[in-house]
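Working notes, structure below.
Laboratory data are not the source of any read-out in this text; all were calculated from the coordinates shown. Given the structure is predicted, the values throughout are model-derived calculations rather than measurements. Heads up, the Cβs are rebuilt from the backbone with ideal geometry, glycines too, and the neighbour counts pull from every protein chain shown.
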Amino acid sequence: MRGVCSVRALVLASPRADIIVDVRPALAVAAVVVVLVFLVVAVADLVLEVRQQRTLGQYLRSWANAYPLFAAFLVTLLGALVGHFFWH
Amino acid sequence: MLTVRRWVPILSLSVAILALVVIGAWALYETTLLTALPCGVDEPSAVKHFEDTHPGDLRWKIGVPALFALSFLGGHLLGYVRESRDGPFLDQPRGRPAFWLQLLLPLFLTLVAGLIFYEAWALADPARWPITFYIRCAASVAPGQTLGAACVVCALFGHWFWPPLGRTS
């Protein structure tokens, strides 16, 4: 239907200034969500590494070893998403 | 003692964290400065890909996936460095993982499921932008930063979810 009549495009093409207000928080949330999730886990991993405790990476790798199909599914999902976002 | 097997993972993780912090802060700062839609107002211009900004340039088409694959492989190889050292924390017996890990994984998977659900919902509702559009928009406006963040994520996935064979207890 998008090719016939893109309602989304009409909304975004609106000259109303407040459209920006609608998009800007979403952009910020998208940036924060995507970055923050990995940031938190990486910081936790680093802290445990510095403190010479069993690291988060080791826990996750143990889990991936125990459940290789789940891990493979997650990695495949990431690959599919990255390909979808950046490649065509 | 700070041996190579110890400082390589610390340095790698620090660089990854620094990259995520810098890119995240930059994205937030630039977003606050927006006075117009950064990717244009029509849908085709909002969903441009990397290579659309450089038409005919095969380096984007080949280089970008190669870079992601190399990042993923680099994360995996870092696992060999981390697992190759000896340490008291490696000798812990197999057992149930920590409670917070049992909590973290379902939370992570729930978040991923939630994001995919939003994606499907936004595709069905023309008034909303799916996440894909935001990421493609970011890739079009700031390809370097977006590529950097994606490479870090690929490296972390390769490090966490592709364990060295026979090394991790």
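Give me the pairs: first residue in the range B:120-137 and facing another protein chain (nearest Cβ under 7 Å), second residue not in a helix (DSSP H, G or I), beta-carbon distance under 6 Å, and six or more apart or on different chains, which are they?
What qualifies is B:R136/B:V47.
Collect the residues in the range B:138-169 that are buried (at least 23 other Cβ atoms within 10 Å of the Cβ), over 12 Å from the mean Cα position of the chain (by Cα) and more than 7 Å from every other protein chain (Cβ to nearest Cβ), keeping them in residue-number order.
B:A138, the sole residue that qualifies.
Can you tell me which residue within the range A:45-88, out of those that are facing another protein chain (nearest Cβ under 7 Å) and β-branched (V, I, T), is farthest from the chain's Cα centre (by Cα)?
The qualifying residue farthest from the chain's Cα centre (by Cα) is A:V50.
For the range A:67-88, give me the residue count where each residue is out of contact with any Phe, Trp or Tyr (no Cβ under 7 Å at 6 or more places or on another chain) and under 24 Å from B:C137 (Cα atoms).
Result for the range A:67-88: 10.
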